[in-house]
1. For region A:548-572, what are the residues that are surrounded by fewer than 16 Cβ atoms within 10 Å (Cβ to Cβ) and either touching a residue at least 40 places away in the same chain (Cβ under 8 Å) or of a type in the set (Val, Ile, Thr) (or both)?
2. Just checking, does region A:321-342 include any residue being closer than 24 Å to A:ASP198 by Cβ and at pLDDT 85 or above?
3. Here are some residues: A:ASP159, A:ASP166. Which one is under 15 Å from the mean Cα position of the chain (by Cα) and among the acidic types (Asp, Glu)?
4. Hey, does region A:509-522 have a residue that's more than 12 Å from RNA strand B (Cβ to nearest atom) and in contact (Cβ under 8 Å) with a residue 60 or more places away in the chain?
5. Please work out which one of (1) outside the structural domain of A:MET423 (by TED's automatic domain parsing); (2) surrounded by fewer than 18 Cβ atoms within 10 Å (Cβ to Cβ); (3) hydrophobic (A, V, I, L, M, F, W, C) is the condition A:LEU79 fails and give its number.
6. Do we have A:GLU121 as farther than 17 Å from A:VAL74 by Cβ, away from RNA strand B (no atom under 12 Å from the Cβ), without any contact (Cβ under 8 Å) to a residue 12 or more places away in the chain and surrounded by fewer than 17 Cβ atoms within 10 Å (Cβ to Cβ) here?
7. Within region A:368-426, work out how many residues are within 30 Å of A:VAL122 (Cα to Cα) and either loosely packed, with under 15 Cβ neighbours inside 10 Å or free of Cβ contacts under 8 Å to residues at least 24 places away in the same chain (or both).
8. Condition test on A:LYS518, is it charged (D, E, K, R), modelled with pLDDT of 95 or more, under 30 Å from A:ALA180 (Cβ atoms) and part of a helix (DSSP H, G or I)?
Amino acid sequence: MRLTRYLVPTLKEDPKEAEIVSHNYLVRGGFIRKVAAGIYDFLPLGLRVVKKIENIVREEMDRAGALEILMPAVIPAELWQESGRWDLYGKELLRFKDRHDRDFCLGPTHEEVVTDIVRREVRSYKQLPINLYQIQTKFRDEPRPRFGLMRGREFIMKDAYSFDADWDGLDRSYQAMYEAYTRIFKRCGLEFRVVEADTGNIGGTDSHEFMVLAETGEDRIVSCPGCGYAANVERADFKTDYPLSDMEMMPLEKVHTPSQRTIEEVSKFLKTSPKKMIKTLIYSTDKGEVMVLVRGDYDVNEVKVRNIIGANWIELADEETIEKITGAPVGFAGPVGLKFDKILIDKSIVNIRNGITGANEEDYHYVNVNPGRDFPIIEEKVVNIRMPVEGDRCPKCGTPLEFYRGIEVGHIFKLGTKYSESMNATFLDKDGKEKLFIMGCYGIGVTRVASAAIEQNHDEKGIIWPISIAPFEVILLPTNWDKEEVRSVAEKIYGELLQKSVEVVIDDRGERAGFKFKDADLIGYPFKIVVGEKGLEKGIVEIKSRKGDIAVEVKIDNAVEKIIDLIDKERKKYLPE
RNA sequence: CGGGGCGUAGCGCAGCAUGGUAGCGCACCUGCCUUGGGAGCAGGGAGUCGGAGGUUCAAGUCCUCUCGCCCCGACCA
């Protein structure tokens with residue numbers, strides 16, 4: 001490709017909306033442009049990267065025996081009503097009506113559609129297992145899209161769905177996807193970790209997330225250096241000791257705490273530590289209100305709360321609800337003397353001695369609160385329901401856990417019969433009986449992979465693409481296009497590389513050398529071949545890698561052979577054995 | 001949805017307090033010059049100042065409403 005005939009609108013200045021490096025470089029490098037919040041154009045370079053990632057995904061999915069299909073983006077409401085998600089899925093589901101006033105949505109995920117295909121077309125156990133996948137534009141009306149391709153509203157996703165005759169089959173299908181994903185992300189040059197995850201709205205039993213380690217990741221994960229246990233913090237289990245204080249229990253006392261509402265305010269006002277405070281939170285859920293007690297210095301894990309009570313959604317209760325339950329405004333809730341039995345007690349509360357909590361009365365707190373004495377500790381309501389923190393230990397081997405931030409690029413679920421049941425999707429088994437398909441589903445954020453790759457592979461000058469997903473493998477950089485000998489050598493090498501099917505760009509613009517170097521570094525071509533007057537006098541051209549590990553001079557006639565050799569070696573680094 | 005901020009040329013911004021000829025840098029076009037890390041000089045094109053209404057002799061600037069975008073939080077397979 002000739003740059004004079006290509007569209008690569010690079011920018012010298014940082015786009016003001018870009019907060020993270022991948023977003024910044026994707027815009028500056030001319031890969032993407034924003035059309036609306038969370039919605040982007042892919043310009044030629046950006047699309048090439050996407051296609052590279054798609055092809056890796058496709059090769060590995062095909063290798064794993066999955067079959068590529070393409071489902072519609074526009075989905076009739078009936079299918080979503082059938083599964084029940086039309087009512088459960090919130091505002092992320094973009095709904096609209098057609099000219100006949102029929103309800104439709106833009107598909108954020110395709111369990112319903114694929115289940116509908118399989119229940120119509122697959123009748124016998126002999127056709128199982130089967131795994132159908134697609135690479136398609138998804139739409140999720142995120143409340144707050146951000147970070148460019150990282151959290152868009154419209155994005156490209158690979159979604160796959162497996163159907164098995166039994167649970168052992170599902171385990172095998174799941175394992176095959178686990179392995180395929182591992183290969184895919186290795187080939188994309190990502191450093192990642194597989195963690196146990198919550199199943200969220202999708203539902204189901206087991207689930208793993210593939211997390212790219214990066215400071216800018218929106219997810220937090222824990223991992224154990226001792227035994228390899230790793231999980232999303234939302235899901236993570238952990239061990240902690242809450243030693244019982246030998247302090248004498250003091251008499252319960254109500255104290256005046258005017259306008260002291262937050263943990264921080266109250267602990268400061270009473271000159272004590274948040275560790276002495278019993279934080280009392282009221283949540284509203286689709287299963288009613290629930291009260292959660294946790295030590296003042298910890299955060300509640302809302303995902304666990306939701307799972308324990310079996311709710312579909314959960315949110316902090318509004319002021320009105322809190323006042324109704326506690327009889328006091330927000331900031332003065334507490335378990336003492338409260339007649340409300342839907343309660344969850346974090347383990348961190350149990351051994352508190354002479355603690356502090358709200359008195360369910362405006363401007364008053366109790367001090368010297370002792371759990372068990374001043375309010376009941378009912379064994380089955382005591383749970384581990386807080387977020388882990390630094391110092392908590394591995395649930396399996398007891399080693400202190402390590403904390404990381406991660407970008408979720410892939411997520412695999414064992415769905416079981418959640419959708420086959422609600423949508424009545426059955427097949428005829430060996431024994432002649434009708435049975436529900438056992439399902440799994442498996443997603444990869446294709447466009448997010450591009451972002452994640454940049455977060456992990458860049459420097460102050462620009463992107464350093466892994467060659468497997470680079471838009472081009474090499475750029476020919478003639479330092480002075482007006483000089484006949486420079487141009488003819490560059491053209492000759494260019495022609496030969498095209499012949500050999502090398503993905504090459506030639507910078508045939510009349511720009512100065514420095515300008516071309518800056519552009520090449522920003523865009524991140526893995527290799528560049530510099531053709532300059534100085535080199536030609538010696539009969540050589542230079543080959544440099546973007547990573548900086550290779551910088552060699554080669555005779556003009558050997559340039560093609562040498563670059564092909566280097567590219568081959570580089571490609572091999574990303575292929576799993 | 002709550003809090004904060006911003007909409008002026010393709011991009012990044014100034015101008016608004018105190019109303020009176022719409023500006024700067026980059027990018028773009030022409031010419032000269034230059035050519036190994038985002039050169040220089042000269043000339044040039046490009047803007048319904050997000051939109052609607054209002055106040056005024058006069059609105060980018062003041063008032064009201066509205067739309068969009070960004071950040072923090074809530075939220076989020």
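1. A:ILE550, A:VAL552, A:ARG571 - these are the residues of region A:548-572 that are surrounded by fewer than 16 Cβ atoms within 10 Å (Cβ to Cβ) and either touching a residue at least 40 places away in the same chain (Cβ under 8 Å) or of a type in the set (Val, Ile, Thr) (or both).
2. Yes: region A:321-342 contains one or more residues that are closer than 24 Å to A:ASP198 by Cβ and at pLDDT 85 or above.
3. Numbers: A:ASP166 fails: under 15 Å from the mean Cα position of the chain (by Cα).
Unique residue meeting the criteria: A:ASP159.
4. Step one: filter region A:509-522 for residues more than 12 Å from RNA strand B (Cβ to nearest atom), giving none.
Scanning region A:509-522 turns up no residue that is more than 12 Å from RNA strand B (Cβ to nearest atom) and in contact (Cβ under 8 Å) with a residue 60 or more places away in the chain.
5. Tallying (1) outside the structural domain of A:MET423 (by TED's automatic domain parsing); (2) surrounded by fewer than 18 Cβ atoms within 10 Å (Cβ to Cβ); (3) hydrophobic (A, V, I, L, M, F, W, C), A:LEU79 fails exactly one: (2).
6. On the way: farther than 17 Å from A:VAL74 by Cβ: yes; away from RNA strand B (no atom under 12 Å from the Cβ): yes; without any contact (Cβ under 8 Å) to a residue 12 or more places away in the chain: yes; surrounded by fewer than 17 Cβ atoms within 10 Å (Cβ to Cβ): yes.
Judged against the criteria, A:GLU121 is a match.
7. If we filter region A:368-426 for residues that are within 30 Å of A:VAL122 (Cα to Cα), which is where we start, we get A:410-426.
Subsequent filtering for residues that are either loosely packed, with under 15 Cβ neighbours inside 10 Å or free of Cβ contacts under 8 Å to residues at least 24 places away in the same chain (or both) retains A:417, A:421, A:424.
Selection size over region A:368-426: 3.
8. Working: charged (D, E, K, R): yes; modelled with pLDDT of 95 or more: yes; under 30 Å from A:ALA180 (Cβ atoms): no; part of a helix (DSSP H, G or I): yes.
Against the criterion (charged (D, E, K, R), modelled with pLDDT of 95 or more, under 30 Å from A:ALA180 (Cβ atoms) and part of a helix (DSSP H, G or I)), A:LYS518 does not qualify.
The values are calculated or read from the model by the stated rules, or taken from the named source; none is laboratory data. The structure presented is a predicted model; accordingly, all values stated were derived computationally and were not measured. Positions of Cβ are backbone-derived with ideal geometry, glycine not excepted, and every protein chain shown enters the neighbour counts.
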